[in-house]
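**Student:** Submitted below is the structure of interest, expressed as structure tokens.
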Amino acid sequence: MFPTKQHLTMARTLGVAIVVALGFAGCATYGDEFATINSRLDQLDARVQGAAQSAESANQSAQQANRRLDQLEGRVQQLEAAPRRVPRG
């Protein structure tokens, strides 16, 4: 049996269909990988935001402690500069 024009056309169409199907299957695989990567990026973003908030909170606490230290330092210098009191008795 010799291949006819109809057989060749059918074989060509089937070949193209197989190539297209394999191409779409490859895209579906990449879609799953992209979803996994996006999920991990979202998790990392949340962790970075949490760390940034913690750092900001620590910075504010440090600034508040420095202000309090500055207030106390002036009072300590006053007490050190004051004349010594003589004990009674």
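The values are calculated or read from the model by the stated rules, or taken from the named source; none is laboratory data. Please read these numbers as outputs of a predicted model, since none were measured by experiment. With ideal geometry, Cβ positions are generated from the backbone for all residues, glycine too; neighbour counts draw on all protein chains shown.
**Student:** Confirm whether LEU41 is part of a helix (DSSP H, G or I), more than 24 Å from the chain's Cα centre (by Cα) and either of a type outside the set (Gly, Ala, Ser) or surrounded by 10 or more Cβ atoms within 10 Å (Cβ to Cβ) (or both).
**Tutor:** On the way: part of a helix (DSSP H, G or I): yes; more than 24 Å from the chain's Cα centre (by Cα): no; either of a type outside the set (Gly, Ala, Ser) or surrounded by 10 or more Cβ atoms within 10 Å (Cβ to Cβ) (or both): yes.
No; evaluated as a whole, the condition is false for this residue.
**Student:** Would you please list the contacts, defined by Cβ atoms under 8 Å and residues six or more apart or on different chains, that run from a residue in segment 55-66 that is free of Cβ contacts under 8 Å to residues at least 40 places away in the same chain to a residue that is of a type in the set (A, V, I, L, M)?
**Tutor:** That search, which allows pairs on different chains as well, returns nothing.
Listed here are the residues, each with its yes/no results for (1) at pLDDT below 85; (2) surrounded by 10 or more Cβ atoms within 10 Å (Cβ to Cβ); (3) in a helix (DSSP H, G or I); (4) touching a helix residue (DSSP H, G or I) at 6+ places or on another chain (Cβ under 7 Å).
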position	(1), (2), (3), (4)
ARG12	yes, yes, yes, no
GLN49	no, yes, yes, no
SER54	no, yes, yes, no
SER57	no, yes, yes, no
SER61	no, yes, yes, no
LEU79	no, no, yes, no
